[in-house]
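A short worksheet on the structure shown next.
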Amino acid sequence: MMTTRIIGTGSALPAYTLTNDDLSKFLDTSDEWIRTRTGIRSRQLAGEGETAVTLAAEAGKKALEAGKTAPCEIQMVFVATCSSENYFPSVACRVQEALGLKNASALDLSAACSGFLFALHTAHAYIMSGYCDTALVIGTETLSRTIDWTDRSTCVLFGDGAGACVVKKDEEGILDVVQHSDGTRGDVLMASAESRPTPVSAARKGMPLQMDGQAVFRFAVKTVPECIQELMDKTGRSLEEIDHVVLHQANSRIIEAVAKRLHMPLEKFRMNLDRHGNTSAASIPILLDELNRNGTLHKGDLVLLSGFGAGLTWGSALLTW
């Protein structure tokens, strides 16, 4: 039986690194306060000339090279982002242009921090339907530009970056996926765009990212383990078989709580949020690329991906590497 396999990974991070000590120079906070509550030590912020598009294109190029895939082989480009600099054209179309993906169709998806998983699931569905054989899946964010940098409850959490995967029809790879949404709880994590006045409505000023941290924490530590168990039941696999868990990198306390609820060793939960913070839709593919390039992932390993975010949205995928 055929499925979808990740054959190449790539990532890109902005040049500028903002440490917790840097934050303490203009916020009432400290390195210890941030580390003990989040596990984050530093994060990268997009500077002049760095955008969701440029980061996505760089990550995508590296994924193509790693997967030994020519640009002409890509038939679909899926980009997960909620922080594009433009309403249109889409980031995916800009990436198509930048990488010369002349045979691809391109579209963006928005599911916040769950975005990469939703995009991966979409690529898998396209491949399983027979619409395409090879796709490029990217998560890219510049959320630093949507944040109130006087609000220490949110600005200490987020960083910018992009991660990408080339996926292809193969005999091994994704075993199964699950994903869910609950729009009734959307107001616990939200940001709004500005709008211009029209003949029938006034202009609306954009609202920076706002979050009910406790509500998000409760949602994540309850819903993520349930989602993972749902996936285990669908695949007939056990948690003991899993070699690596790549969970959305939001907060080390959430990851620790999920591991505890699942009765799994924390050592299986890979982390890089201490260096990059929460990069939203980019966090899972950035971590995947790091694990792939440093030799942590081996052929045949059982890898669990799981994410959660605004919407509210959440999902998981189980795959063999």
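Annotations for the structure displayed:
- In percent, rounded to a whole number, the relative contact order of segment 167-235 is 33, using alpha-carbon pairs under 8 Å and six or more apart.
- Virtual spin-label span in nm between TYR131 and ASP21, 7 Å along Cα→Cβ: 5.0 nm
- Kirkwood estimate for segment 122-265, i.e. one over the average of 1/r between Cα atoms, Å: 18.7 Å
- Spin-label pair ARG35-SER195: with each label point 7 Å from Cα along the Cα-Cβ axis, the two points sit 4.5 nm from one another.
- Among 5-13, 232-240, 198-206, the order from most to least packed when residues are scored by Cβ within 10 Å on average: 5-13, 232-240, 198-206
- Protection proxy ranking, highest mean first, for peptides 179-186, 221-228, 245-252: 245-252, 221-228, 179-186, where packing is the per-residue count of other beta-carbon atoms within 10 Å, averaged.
- Ranked by the mean number of other Cβ atoms within 10 Å per residue, highest first, peptides 307-319, 42-54, 19-31 order as 307-319, 42-54, 19-31.
- Using equal-weight Cα scatterers in the Debye expression, the normalised intensity of segment 1-160 in log10 at q = 0.14 Å⁻¹ is -0.73.
- Surface share of carbon and sulfur [accessible, 1.4 angstrom probe, percent] for the chain: 51 percent
- The chain - Kirkwood radius from inverse mean 1/r over Cα pairs (Å): 19.6 Å
- Lysine pairs with alpha-carbon atoms under 27 Å apart, the chain, spacing 8 or more or separate chains: 28
- Modelled spin labels at GLU226 and GLU85, positioned 7 Å past Cα toward Cβ, are 4.1 nm from each other.
- Centroid-to-centroid separation of segment 101-161 and segment 274-292 [C-alpha atoms, Å]: 12 Å
- Per residue, the accessible area of segment 149-306 comes to 47 Å² when a 1.4 Å probe rolls over the protein heavy atoms.
- Cleavage-rule hits (trypsin sites (Lys or Arg not before Pro)) in segment 76-146: DSSP loop, at most 12 neighbouring Cβ within 10 angstrom: LYS102
- When the alpha carbon gyration tensor of segment 1-92 is reduced to an equivalent ellipsoid, its three semi-axes come out at 34, 17, 12 angstrom, largest first.
- For GluC sites (Glu not before Pro), the sites in segment 161-225 that DSSP calls loop and that have at most 13 other Cβ atoms within 10 Å are GLU171, GLU194.
The values are calculated or read from the model by the stated rules, or taken from the named source; none is laboratory data. Being a predicted model, the structure only gives us computed values, none of them experimental. With ideal geometry, Cβ positions are generated from the backbone for all residues, glycine too; neighbour counts draw on all protein chains shown. Protein only, heavy atoms only, side chains kept; ligands, DNA and RNA dropped before computing areas. Shrake-Rupley method; radii C 1.70, N 1.55, O 1.52, S 1.80 Å.
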